Each structure stands twice: as C-alpha cells, then as structure tokens.
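K.L.:
One structure, as structure tokens, below. Some questions next.
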Amino acid sequence: MGYVSSRAVLGRVLLEGLNVILGPSNIGDWSVVGYGVVLGYPSRAVLKSLVGRAIGLEHYDDESSGCAIGENCIIRPYTVVYEKSRLGNCVETGHFVMIRENVTIGDETVVGSRTVVDGDASIGSKCRIQTGCYIPPKTVIGDGVFLGPMVNILNDKYPPSGRLSGVRIDDGAIVGAGAVIMPGVVVGREAVVAAGSLVTRDVDAETVVKGFPAKPVYTRREYEAKREKYLKEFQQM
Amino acid sequence: MGYVSSRAVLGRVLLEGLNVILGPSNIGDWSVVGYGVVLGYPSRAVLKSLVGRAIGLEHYDDESSGCAIGENCIIRPYTVVYEKSRLGNCVETGHFVMIRENVTIGDETVVGSRTVVDGDASIGSKCRIQTGCYIPPKTVIGDGVFLGPMVNILNDKYPPSGRLSGVRIDDGAIVGAGAVIMPGVVVGREAVVAAGSLVTRDVDAETVVKGFPAKPVYTRREYEAKREKYLKEFQQM
Amino acid sequence: MGYVSSRAVLGRVLLEGLNVILGPSNIGDWSVVGYGVVLGYPSRAVLKSLVGRAIGLEHYDDESSGCAIGENCIIRPYTVVYEKSRLGNCVETGHFVMIRENVTIGDETVVGSRTVVDGDASIGSKCRIQTGCYIPPKTVIGDGVFLGPMVNILNDKYPPSGRLSGVRIDDGAIVGAGAVIMPGVVVGREAVVAAGSLVTRDVDAETVVKGFPAKPVYTRREYEAKREKYLKEFQQM
C-alpha cells in the first residue's frame, strides 16, 4: 500500500500508487510519481545501520535524508531514487530507472528506461539520456548532452582498484549508442562520439571521433552539415 | 492493491496481483499477468494532459486506449505495456520488460527480461528476443527472427535529428549478442550477424556478416552446416 | 499486499513490503528483503502447469520449491529470485536483478542492478558483478571474480542451436566493462579482459587480453604493477 513520510513535502503531486516516499523528500507541483516508485531510499551505510532495528520501511523514515524532485516532473513506474539526490524541474524518467544517492540532475533532462545513475554522479540540464545507459560514480555530464542507448561509462582504470577517475562530458556533446567511455576521459564541448566507439583518450571540443579505439574523423560543423542534408532528404521523401 | 478497469475484457486470466489494467484492454484466455504488471499505461501526451486533473491511476482509465494481449500469454512480473499495443497469442515476456505504445508483437514471440520495445516498433511471430535488447521506434522485425542478448538497434543517423530511419530485420534472420545495428539498415531474410558486430550497411539475404564494421564472411547454408557439425560433436560427447 | 508462504522459514528478517515469498523458502537472520521483491517464483514448466488451475499467486505456493537466502543479505527493491536458487551469506543485489532457477551464488558476492543471472548458472563467493550484466545458463564463475558493467556472456555458438556451451571464468579473474565473452570460452585464473573486448578464445591464467577480438598484451603481474602506480599517483594528488 506504500508509505508516505509525514516529513515529506508534496506540492500538487499525482501519486499513481504503491509509492514509498521516505524522509524529508520534497516534490514540486504538477509532478507525477509513477506506480511503485520509491523515493528517498537509504544509502548502503544507512541501510546496514538499520538491520536489526527496523522491521519495515516505515522505520527507515527517520534515517532517510529524503530526495528532492522539482515541478512538472514525470517519474515513471518502478523508478527508484535514493536519498540526497536532487532532480530539477521538468525532469522525466522512464521505467526501471535507478538513481543512487547524492546525484544531481538539472532541469528538463530526460533519463531513459533502465538507465542506472550511480552515486555522486551529476547530470546537467536539457540532457537526453536514452535507454539502458550506465553512469557510474564521479561522472560529470554538462548541459544539453545526448547519450544514445546503452552508453557505458567507466570510472576505474585498473578495476577493482578503489580509485575512481570520473568521466567528464561537456556541454552539447553527443555520444552515440553503445559507446564505451574509458575512465578519466574528457569528452569536450560539442564533441561527437560515433555509435559503437571505444573512447580511450580525451576528445577535443567540436570534434567527431569514431572507431575502436576512437579517432578523430571530422568536425562538429561537418556533422551539422551532414545532419542538415539528412533532414533535407527526408523532407523530399 | 492494483486497479482493473471496468472497461477491460478479461478471459480466464490469472492475475498474480498488484496489477494495473487500464482502459478497454483485452486479455485472452489462459494468459498470466504477473505480479506488478501494468497494462494500458498512457502515452506521454495523454499523461501530460492528465496532470492537474487526475489524482490517481483510476483517473487515467477514461483516457487510456488499453492494450490487447492474446491467449496463453505469460507476462512476467514487473512488465509494463503501454496503451494501443497488441500482443498476439502465446507471447511471453521476461521481467522488467517495457513495451511502449503502438507496438505490435506476433504470436509465439518471446521478449526477454529487461528488453525495451519502443513506440511504433513491430515484431513478427515466433521471434526470440533475448535479454536486455533495445528496439527503438520504427523498427520492423519479421517472423522467426532471433536477437541475442543486448542487441542494440538504432534509428537516427545524426542524433538527435528527429528524423527516424527504422531498421528492418527480415524473416528468419539471426542477430548475435551485443550487435549494434545502425539506423536504416536492412538485415535480409535468413541473414546472420555475428555477435559483437557493428552493422553499418544492408546485409544481403542468407549472408553471414561479422566484424566492426561487419563484412560478409560466408553464407547461411555454411552457417547451417557449421551448426549441424556443432550439434553432432555434442551428441558424441 | 504481498504473500508469504506458511512453509517459508524466515529468521530475523526485515521485509520492506509488497513481498512475495513462495514455497519452502529459507531466509537467514539479519537479511533485508526489499520492497516488491519476489522470492521462489516458479520456473516456466511449473508456471505452465498452473495455468487454468491457479487463480492467484497463493496457488503457486504448493508448487514452488522455494529458494534459499543466507544471513546478512540485502536483496534490494524489485529483485526477482526463482525457485531452487541458493544465495549464500552476505550476498547483496541491486535493483531489478533477476536470478532464475537453480542458480548458486556464494557468500559475500554482490550482483549489481539490472543484472540477469539465467537458470543453472553458478557464481562463487566474493565476486563483484556490476550493473547490467548478462550471465546465461551454464555459466560457471569462480571465487573473487570481478565483472564490470554490461559484461555480456554467451552460451550458444550457432544460435539458436539448443546446444549450450557455458563460459567458465576462474577464480580471481577480472572482466572489464562491456566485454563480450563467446560461448565455451575459459577465462583462466587471475586473467584480465580489458573493457570492450570480444573474447573468442580461451584466456590463459594470469594473462591480460585486449581487443576485438582479444589478444594477449601482458601479464597479471604487470597489471598489478600498473594498478599500484595508478593508486600511487592518486595518493600524490
């Protein structure tokens, strides 16, 4: 039947049902919390501290720091958001999305179904993260970034080492489907990574890279020209 | 506790519990609707129109066009099927499967756990779609097609362009695990794509392709001979 | 509201809610069963035999063989574990994890969110399986193995042949993110597979392989030296 904390502050929110909302979570007006969505779930350390004391989710409530969801968001059925994460306004998630603790997501960003955003990652505004991506701890994604389906971002050069080298993807970059981005790599402003590429080195701003490992092939300006031609063909069809 | 629309037409169906069935959904005899399965979920436009008006899933009901599930289907726990999608008879899904609006799936097709079938895609009958695939809008898959685990199908040559070029996979084709199929590609009848390949060009019927990017290596007839030998070795073991 | 079998034997277990626990399942002390977790779900043959007889999950109970979960486990929200599977002590799963029937998982192993472990697979103790992996039937994974995110393991050389050739990954091996391991391959003791590799042949013990297809590049000893240097750099930062 779900559980909504008495400490939660909900605007005019549509709760679809079976929702668990823990701690001092804050949800803005006109947001939708989908069926079975869990918000403010405790991080591992908190959960471990509760074992032996808690006998149900309602006992987590005192320990959860809650999460924040802005206005006009759609959190679709079976998404889980951990405590201490903050989603801006007009954010949308697909289904089976998992967002761990201390994650920040900016306004108008869309996170596709089955994508996992791990602890301490940060995603800017107006990003489009497609289905099934993996975004590990320490990843920093700027504004207006596009990640195609099943993009796989890494953070440990010699796993499992414990030293995390986060990937940085700067404003306006485009990462094609199924690309693998090695730890510590910087994908520059407005850069483009072709689908299926393995990115082992930094990608310069406004540069298109491709291959396995990825190498520069042309500029963003040329990419835009190709895109325009592609769209024109379509209009003539 | 779930919600079943008064407009839904259910045959002798086994509902495992916590089910949400919206709009004039139709489910045939001897089908199983798994725990937590949601059927007839509204598309984005409908959902947005409900914000500010609806205060629970039951208010979605009037707006949902429902979905259709045939006879003898198994829709396993935590699958979500959107409105206007039609699944034939003897269709099975795994867990955490997401099927968006206007999708058609033919009889006896199996859709593996965690696979996402996006809006307007179409899948024929007797297909076996394995775990974790992504099938985007405009994809057309014929009959008897096999997709290995984590096949990643694309639809936009210069993302995010808004022009979708759907992939077509013809009857009897086999696509190996982890293959990436570029937008607009046609994989011909009885063609075979080796695991891990990046398919950038059309694949001729009855042709086996392999590599990154994929190139023709032999014929389907040779593939069948290799398979037969592989099976014989097994019988001798 | 969930369902807990009268045949289930639960230690001092924390049930978060909406739990389904079928058959003679056994859960050790101080384990957490997350919100919406389903345990002891019937295999396909049992489920098919129930169609036409059962009218709800409680009717599955007599037919389920249950599953076993050790002490101090965390089974996070929306994980599904089938009947006849056995998880050791201190096992943790992420969210949306699916573990099919007859799976064995050793003590202190972690299975990341969205990973699917298919029927009859076996995983040793102290393994770290990251997000979104696919581990098919007949896979045998030793102790202390690390699989990075979205590792894709196969088991059929000429799909769909019906002959399954399981992959074996021996103790202490490390498989980098997004690697694809071909059917029947043995990854030797303490071997390392670089991220994004396609492994088509057996990997010798203590050998590092890399590429598409993967080839030996250096030894595990050198890998350890590189890791140590990487960690030292960090300490100096």
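K.L.:
Exactly one condition in (1) surrounded by fewer than 21 Cβ atoms within 10 Å (Cβ to Cβ); (2) among the small types (Gly, Ala, Ser); (3) over 24 Å from A:Phe234 (Cβ atoms) is false for B:Ala191; which is it?
P.N.:
Exception for B:Ala191: condition (1).
K.L.:
Here's a follow-up. Please determine, by comparing only the residues of region A:137-161 that are among the hydroxyl-bearing types (Ser, Thr, Tyr) and open to solvent by less than 30 Å² (accessible area, probe 1.4 Å), which one is farthest from A:Asp202 (Cα to Cα).
P.N.:
Once the filter is applied, the top-ranked residue is A:Ser161.
K.L.:
Can you pull out every residue in region C:215-230 that is facing chain A (nearest Cβ under 10 Å) and among the charged types (D, E, K, R)?
P.N.:
Residues satisfying the conditions are C:Glu224, C:Lys226, C:Arg227, C:Glu228, C:Lys229.
K.L.:
If I ask for residues that are touching a Leu at 6+ places or on another chain (Cβ under 9 Å) and assigned to a loop (DSSP other than H, G, I, E, B), which ones from region C:146-172 would you list?
P.N.:
C:Gly148, C:Pro149, C:Asn155, C:Asp156, C:Tyr158, C:Ser161, C:Gly162, C:Arg163, C:Ser165, C:Val167, listed by residue number.
K.L.:
Shifting gears a bit: Of the conditions (1) of a type in the set (D, E, K, R); (2) in a loop (DSSP other than H, G, I, E, B); (3) more than 15 Å from the chain's Cα centre (by Cα), B:Lys210 clears all except one; give me its number.
P.N.:
All conditions pass for B:Lys210, except number (2).
K.L.:
Scan region A:4-35 residue by residue and report those that are touching an Asp or Glu at 6+ places or on another chain (Cβ under 7 Å), more than 20 Å from A:Ala54 (Cα to Cα) and in a loop (DSSP other than H, G, I, E, B).
P.N.:
The answer is A:Gly11, A:Arg12, A:Gly28, A:Asp29, A:Trp30, A:Ser31, A:Gly34, A:Tyr35.
K.L.:
Mind listing just one residue for me: the one in region A:74-98 that is free of Cβ contacts under 8 Å to residues at least 24 places away in the same chain and part of a strand (DSSP E or B) and, of those, farthest from the other protein chains (Cβ to nearest Cβ)?
P.N.:
That would be A:Arg86.
K.L.:
Given the criterion in a loop (DSSP other than H, G, I, E, B), out of contact with any helix residue (DSSP H, G or I) (no Cβ under 6 Å at 6 or more places or on another chain) and open to solvent by less than 10 Å² (accessible area, probe 1.4 Å), identify the matching residue among B:Ser125, B:Ser64.
P.N.:
Answer to the selection: B:Ser64.
K.L.:
Which members of region B:168-179 meet the condition of being within 21 Å of C:Gly178 (Cβ to Cβ) and open to solvent by less than 10 Å² (accessible area, probe 1.4 Å)?
P.N.:
B:Val175, B:Gly176, B:Ala177, B:Ala179
K.L.:
When you scan region C:104-113, do you find a residue that is within 7 Å of another protein chain (Cβ to nearest Cβ) and within 12 Å of the chain's Cα centre (by Cα), even just one?
P.N.:
yes
K.L.:
List the pairs whose first member sits in region A:197-226 and is over 16 Å from A:Gly148 (Cβ atoms) and in contact (Cβ under 8 Å) with a residue 12 or more places away in the chain, whose second member is open to solvent by 30 Å² or more (accessible area, probe 1.4 Å) and in a strand (DSSP E or B), and whose Cβ atoms are under 6 Å apart, counting only residues at least 6 apart or on separate chains?
P.N.:
Here the result reads A:Asp202/A:Val186; A:Glu206/A:Thr219; A:Thr207/A:Pro216; A:Val217/A:Lys210, each pair linking region A:197-226 to a residue that is open to solvent by 30 Å² or more (accessible area, probe 1.4 Å) and in a strand (DSSP E or B).
K.L.:
Hey, another quick one. So, B:Lys138, is that one closer than 15 Å to B:Val187 by Cα and either part of a loop (DSSP other than H, G, I, E, B) or in contact with a strand residue (DSSP E or B) (Cβ under 8 Å, 6 or more places away or on another chain) (or both) or not?
P.N.:
yes
K.L.:
Something else now. Enumerate the pairs (first residue in region A:38-59 and at the interface with chain C (Cβ under 9 Å from one of its Cβ atoms) and in a helix (DSSP H, G or I); second residue anywhere and surrounded by 14 or more Cβ atoms within 10 Å (Cβ to Cβ) and aliphatic (A, V, I, L, M)) with beta-carbon separation below 7 Å, excluding pairs fewer than 6 apart on the same chain, so at least 6 apart or on different chains.
P.N.:
Pairs that qualify, where the first residue is at the interface with chain C (Cβ under 9 Å from one of its Cβ atoms) and in a helix (DSSP H, G or I) and the partner is surrounded by 14 or more Cβ atoms within 10 Å (Cβ to Cβ) and aliphatic (A, V, I, L, M), are A:Leu47/C:Val32; A:Leu47/C:Ile74; A:Leu57/A:Val20; A:His59/A:Leu50.
K.L.:
State the number of residues belonging to region A:152-181 that are within 13 Å of the chain's Cα centre (by Cα), within 22 Å of B:Val116 (Cα to Cα) and either more than 10 Å from chain C (Cβ to nearest Cβ) or among the basic types (Lys, Arg) (or both).
P.N.:
0
Table: residues versus (1) away from chain C (no Cβ under 11 Å); (2) surrounded by 15 or more Cβ atoms within 10 Å (Cβ to Cβ).
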{"site": "B:Pro183", "(1), (2)": "yes, yes"}
{"site": "B:Val199", "(1), (2)": "yes, yes"}
{"site": "B:Val208", "(1), (2)": "no, yes"}
{"site": "B:Pro213", "(1), (2)": "yes, yes"}
{"site": "B:Lys232", "(1), (2)": "no, no"}
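K.L.:
So, one more: Closer than 18 Å to C:Lys210 by Cα, in contact (Cβ under 8 Å) with a residue 12 or more places away in the chain, more than 10 Å from chain C (Cβ to nearest Cβ) and assigned to a loop (DSSP other than H, G, I, E, B), is that true of A:Arg189?
P.N.:
Against the criterion (closer than 18 Å to C:Lys210 by Cα, in contact (Cβ under 8 Å) with a residue 12 or more places away in the chain, more than 10 Å from chain C (Cβ to nearest Cβ) and assigned to a loop (DSSP other than H, G, I, E, B)), A:Arg189 does not qualify.
K.L.:
Restricting attention to region C:5-20, and to residues there that are among the aliphatic types (A, V, I, L, M) and more than 12 Å from chain B (Cβ to nearest Cβ), which single residue is most open to solvent (accessible area, probe 1.4 Å)?
P.N.:
Looking at residues that are among the aliphatic types (A, V, I, L, M) and more than 12 Å from chain B (Cβ to nearest Cβ), I get C:Val9.
K.L.:
For A:Asp29, indicate whether it is away from chain B (no Cβ under 12 Å) and surrounded by fewer than 23 Cβ atoms within 10 Å (Cβ to Cβ).
P.N.:
So A:Asp29 does not fit the description; no.
K.L.:
Moving to a separate point now. Does C:Ala45 qualify as being within 16 Å of C:Val9 (Cα to Cα), aliphatic (A, V, I, L, M) and open to solvent by 10 Å² or more (accessible area, probe 1.4 Å)?
P.N.:
no
K.L.:
A further question on this structure: In region C:99-122, how many residues are in contact with a Phe, Trp or Tyr (Cβ under 7 Å, 6 or more places away or on another chain), within 21 Å of C:Ser64 (Cβ to Cβ) and buried (at least 24 other Cβ atoms within 10 Å of the Cβ)?
P.N.:
3
K.L.:
Looking at C:Gly119, is it touching a residue at least 12 places away in the same chain (Cβ under 8 Å) and closer than 25 Å to A:Tyr158 by Cβ?
P.N.:
So C:Gly119 fails the test.
K.L.:
Could you run through region B:197-222 and say how many residues are of a type outside the set (A, V, I, L, M, F, W, C) and under 20 Å from C:Ile181 (Cα atoms)?
P.N.:
Within region B:197-222, residues that are of a type outside the set (A, V, I, L, M, F, W, C) and under 20 Å from C:Ile181 (Cα atoms) number 4.
The values are calculated or read from the model by the stated rules, or taken from the named source; none is laboratory data. Everything numeric in this text was worked out from a predicted model, so none of it was measured. Cβ sites come from the backbone with ideal geometry, for glycine too, and all protein chains shown count toward neighbours. The area values use the complete protein model at the heavy-atom level, side chains included, leaving out ligands, DNA and RNA. Shrake-Rupley method; radii C 1.70, N 1.55, O 1.52, S 1.80 Å.
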